[in-house]
Amino acid sequence: MKELGFDAVVIGGGAAGMAAALELEAQGKSVAVVEREDRLGGILCQCIHAGFGLVEFQEELTGPEFAERLEEKMRGRAISTYCGCTVLGIDTEGPEKIVACASSAHGVLRLRAKAVVLAMGCRERNRGNIRIPGTRPAGVFTAGLAQRLVNIEGYVPGRDAVVIGSGDIGLIMARRMSWIGCKVRAVIEILPYPSGLTRNIVQCLNDFGIPLYLSYLTTNIYGRDRVEGIEATPIENGALAPAKAFRIPCDTVLLSVGLVPENELSRDAGVAINPMTNGPAVDSYLMTSVPGVFACGNVLHVHDLVDYVVEESRRAGRFAAAWLGGSRPAREVRVKAGPNVRYAAPSRVEPGRDNKLYFRTMIVKNDAVLEIKLDGKVLRSSKKGHVQPSEMMTITLGAAELEGAGLDSAIEIAIT
Amino acid sequence: MSDTFDVAIIGAGVCGANIARRLCSYQLDVVLLEKEADVSFGVSKANSGIVHGGFHHDPKYLKAALEIRGAAMFDRLEAELGFPFQRCGIVVVAFHEDEMRAVEQLYAQGVRNGAIGIEMCSAERMRDLEPKLSRDAVGGLYAPGGGIVEPYRFVFSLVESAQKNGLELRVGWEVESASREGEAWAIRSSDGRELRARYAVNCAGLFADRVSRAFGAEDFEIKGRKGEYYLLDRLTRAKPSRVVFPVPTSVSKGTLVVPTVEGTVLIGPTANETEDKEDSATTREELDAVLRGARNMIPDISEADVITSFAGIRPTLGEDFTIEASARVPALVQLAGIQSPGLTASPAIGEYVKDILKRSGLVLVEKPDWDPYIERTPHVRDFSPYELDALVAKDRAYGDIVCRCERVSEAEIVAAIRHGHTTLDGIKYFTRAQMGRCQGGFCTYKILKILMRETGMGWEEVTKRGAGTALLGGEL
């Protein structure tokens, strides 16, 4: 069994992994990236639509183009890439981590490193996770699987589809299915507002005349062999109204009902998980509860734009490099999700420097007020024209703002 | 190959598979007929996967005796065939003193049946045996001989072993009619094929009534009783170390919590009569009842751990199993109403049916070259990194992990296909790929490509589980 040593091993070769590796290398560290697919790029490879890169590259790119930009930056840099390698586990041996991974090309490799960056991304929730009852026919796909089948494998999942859930991949796939000549009957969303970005509602549903049913639960899937239809039931005043349920005939169901950070490896390695994000609980260095193990991108919390993934992952790379160089947070202040805020990542900040935070609201509101408080005292207050859960928000807390923080201090983010 | 057999077995579920393997140890030409696209695609694929503890049934029933005998045969079968099986033990939990009276009856019944090692348990003993149990438990029963088995892998390995010893398997072969031609049965399929057999065994599960009529034999009606289940992620905090039963009701053994051999947790089943024996739809109400029932016993069970739900249908006919030579027609053995504990009893049923055939005049001469063992397919998930490295050196396809959730390699997918499992569900039951937390979201397209490469199938021939269940709707 071959064993190799690095300063850092990055698990996952998607946008997050590449960005973290590039930064680690730029800081003079030796890095390996382990990717289970045969090429870098992760999920970007199948996202052939445009809309990526507006923040990162100030131009509109497709997913594969965005991935290519990062790959180009990797070329000629001292980054070892292992594609087609599946990580089996992360073990701690003294001050080092051992990342064991399997591939047909190398057998089992033991990659030894002082730091590990988790960048495994997320997976789609499926029918079982949201407990849709009914039969178990052929023709039920997660939207991401359907996207892979259409965009890379060149197959049509079915001719007559209903999309359950209004997540971005579902919306993109509603448009994609229309383009390849399939009928998309409806998008069914349990919440009173869409789960995807507004631009996707407009460009993928409205432009194609696909109806969006808000506040409807999918209560049944029919069809013994192949899907024959679904049943949608409206939710009125918080309760199902079965008398108003109706059936939509279709031969295909695409599910876009949320994403879950994929942390089985992290859990096995002893990393504590934050129940609010399903990602690792991290400190102000984006370091998990296991010293030397960092996390970034969708494995940390589900982002809506790859541009934010790259920004966060670059920071993770920089923090990991600093940590390898002996740097530690001097002291930290807790960040709490206040009224109408689901979570903030990271949930710790370090006084004395700028700290960038991502957070999500739980409400849809026009003319909202965002307040940042330190121990109840308002540090900042700003007006937001419109807030909604599907659009991630960000702030950078300035070094000066945290000067007054004491040992038990806490920052609170509130949206009202 | 000649289309005349000594014995035709109709139905490749767990009974048919056990009968086939038993008969293949003799010098006989045996054919196993299955209407579905693969074996174990009926009743045997969707059940609790329990080797029962021998205390649930009154000794007056045939099924009580077969359960005890069958359960005792699993260790040897496991040694020969290597299917996932574990004697983890069974507990029955009581929540008040009235339920303890019922538990005492189960205990007495178990002792009369000859169940080995069963004991009455105090609340304290119960908590020692199963620390995840609800604090409300007042006591119960422990049957250390009970266990868990992967039912489809059990059937697959039995059929593979029988095939290795000469069995002819025909899938997609639905019996439509049969008639006596001289000293044999002429059996015809719904698509016009025909074969002959001196003896026939009807173990067609839910459709044993239809097959019986096709042979002009006894008229009876098998009724379906549906059971719905939830499958929980292997990372659930609620995984018990033994099978946990409530006190049974008059119609069923109740909603169980089963730690499966492969590390997931199964909860269910419900029990409801169903008119349509092919209706395996689940319902919100029933699944909610499953969650409530299971949580009552193990409070840690969470909705968030659910990865899928499914329903199985039990074939019911009266109180007991019916296993006998037909009184109406010659050379036909009838098996009907083999519901729980059918899986447990099935090895003994194989033996029992062999004896009925012998009494009916079938001459049994042992095969000198009978080989009870089959080759094991290595499973990457069972290997340490060092072992896996050595395995990949021998066959590189073990290094390509296709299913990340259950850690299944390309080599295992290929093995499934080469063993004749050429539907997505068949591959799933053989390998576990698509059975984990992502339910095939990541690996389905990879399996599709491997399946097409290995078999030469076109995209339009790839199905979930046979005719009518095509995966794809077109090509770009």
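The values are calculated or read from the model by the stated rules, or taken from the named source; none is laboratory data. All figures in this text were calculated on a predicted structure; none of them were measured in a lab. Every residue, glycine among them, receives a Cβ derived from its backbone with ideal geometry; neighbour counts consider all protein chains shown.
Per the listing A:R148, A:R131, A:R112, the residue uniquely at the interface with chain B (Cβ under 7 Å from one of its Cβ atoms) and either at pLDDT 95 or above or surrounded by 22 or more Cβ atoms within 10 Å (Cβ to Cβ) (or both) is A:R148. All conditions but one from (1) within 14 Å of chain A (Cβ to nearest Cβ); (2) in a helix (DSSP H, G or I); (3) crowded, with 18+ Cβ neighbours inside 10 Å apply to B:S309; the one that does not is (2).
Go through the residues of segment A:304-318 one by one and say whether even a single one is touching a Pro at 6+ places or on another chain (Cβ under 8 Å) and not hydroxyl-bearing (S, T, Y). No - not one qualifying residue is present in segment A:304-318.
Scanning segment A:298-343 for residues that are aromatic (F, W, Y) and over 24 Å from A:V369 (Cα atoms) yields a count of 2.
Looking at segment A:196-216, which of the residues that are outside any loop (DSSP other than H, G, I, E, B) and among the hydroxyl-bearing types (S, T, Y) is surrounded by the most Cβ atoms within 10 Å (Cβ to Cβ)? Here the residue is A:Y216.
The residues on offer are B:V43, B:V51, B:V14, B:V39, and the sole one that is more than 28 Å from B:A470 (Cα to Cα) and not small (G, A, S) is B:V51.
Residues considered: B:L343, B:L332, B:L291. Of these, the only one that is touching a Gly at 6+ places or on another chain (Cβ under 9 Å) and either of a type in the set (A, V, I, L, M) or closer than 30 Å to B:R101 by Cβ (or both) is B:L343. For segment B:266-306, residues that are among the charged types (D, E, K, R), away from chain A (no Cβ under 12 Å), within 26 Å of B:A204 (Cα to Cα) and not in a strand (DSSP E or B) total 1.
Table: residues versus (1) at pLDDT 95 or above; (2) over 20 Å from the mean Cα position of the chain (by Cα).
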| position | (1), (2) |
| --- | --- |
| A:T288 | yes, no |
| A:A330 | no, yes |
| A:A344 | yes, no |
| A:S347 | no, no |
| A:P351 | no, yes |
| A:N355 | yes, yes |
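Within segment B:450-476, the only residue that satisfies the criterion of being in a loop (DSSP other than H, G, I, E, B), more than 10 Å from chain A (Cβ to nearest Cβ) and touching a residue at least 12 places away in the same chain (Cβ under 8 Å) is B:M457.
The residue list B:D395, B:D382 contains one member that is among the acidic types (D, E) and within 11 Å of another protein chain (Cβ to nearest Cβ), which is B:D395. When the test is whether a residue is in a strand (DSSP E or B) and either out of contact with any helix residue (DSSP H, G or I) (no Cβ under 6 Å at 6 or more places or on another chain) or not charged (D, E, K, R) (or both), B:T344 does not pass it.
Scan segment A:51-73 and give yes if some residue there is buried (at least 16 other Cβ atoms within 10 Å of the Cβ), among the β-branched types (V, I, T), away from every other protein chain (no Cβ under 14 Å) and without any contact (Cβ under 8 Å) to a residue 24 or more places away in the chain, otherwise no. Yes, the conditions are met somewhere in segment A:51-73. Consider B:R407 carefully, then state whether it is under 28 Å from B:K164 (Cβ atoms), within 14 Å of chain A (Cβ to nearest Cβ) and not β-branched (V, I, T). Yes. The residues of segment B:436-449 that are facing another protein chain (nearest Cβ under 7 Å) and under 23 Å from B:E36 (Cα atoms), listed by number, are B:Q439, B:T444.
For every residue, the table says whether it meets (1) under 18 Å from the mean Cα position of the chain (by Cα); (2) of a type in the set (G, A, S).
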site	(1), (2)
A:G5	no, yes
A:A20	yes, yes
A:E25	no, no
A:V55	yes, no
A:E59	no, no
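Each row is one residue, and each column tells you yes or no for (1) charged (D, E, K, R); (2) under 25 Å from the mean Cα position of the chain (by Cα).
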residue: B:R376; (1), (2): yes, yes
residue: B:Y386; (1), (2): no, no
residue: B:K394; (1), (2): yes, no
residue: B:C403; (1), (2): no, yes
residue: B:A415; (1), (2): no, yes
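Is it the case that A:A102 is facing another protein chain (nearest Cβ under 7 Å), on the phi < 0 side of the Ramachandran plot, in contact with a Pro (Cβ under 9 Å, 6 or more places away or on another chain) and at pLDDT 95 or above? For A:A102, the condition - facing another protein chain (nearest Cβ under 7 Å), on the phi < 0 side of the Ramachandran plot, in contact with a Pro (Cβ under 9 Å, 6 or more places away or on another chain) and at pLDDT 95 or above - is met. Based on this model, can you work out whether B:H419 counts as of a type outside the set (A, V, I, L, M), closer than 25 Å to B:L232 by Cα, in contact (Cβ under 8 Å) with a residue 24 or more places away in the chain and more than 10 Å from chain A (Cβ to nearest Cβ)? Here the answer is no, as B:H419 does not meet what is asked. Among the residues in segment A:396-409, are any closer than 19 Å to A:D283 by Cα, at pLDDT 95 or above and either in the same structural domain as A:F294 (by TED's automatic domain parsing) or surrounded by fewer than 20 Cβ atoms within 10 Å (Cβ to Cβ) (or both)? Taking every residue of segment A:396-409 in turn, at least one turns out to be closer than 19 Å to A:D283 by Cα, at pLDDT 95 or above and either in the same structural domain as A:F294 (by TED's automatic domain parsing) or surrounded by fewer than 20 Cβ atoms within 10 Å (Cβ to Cβ) (or both). The conditions of being under 22 Å from B:A12 (Cα atoms) and either facing chain A (nearest Cβ under 10 Å) or buried (at least 24 other Cβ atoms within 10 Å of the Cβ) (or both) are met by B:V353. In segment A:1-30, the residues that are closer than 17 Å to A:R69 by Cα form Cβ pairs under 9 Å with partners that are surrounded by fewer than 24 Cβ atoms within 10 Å (Cβ to Cβ) and polar (S, T, N, Q), at six or more places apart or across chains, as follows: A:G13/A:T81; A:A21/A:T81.
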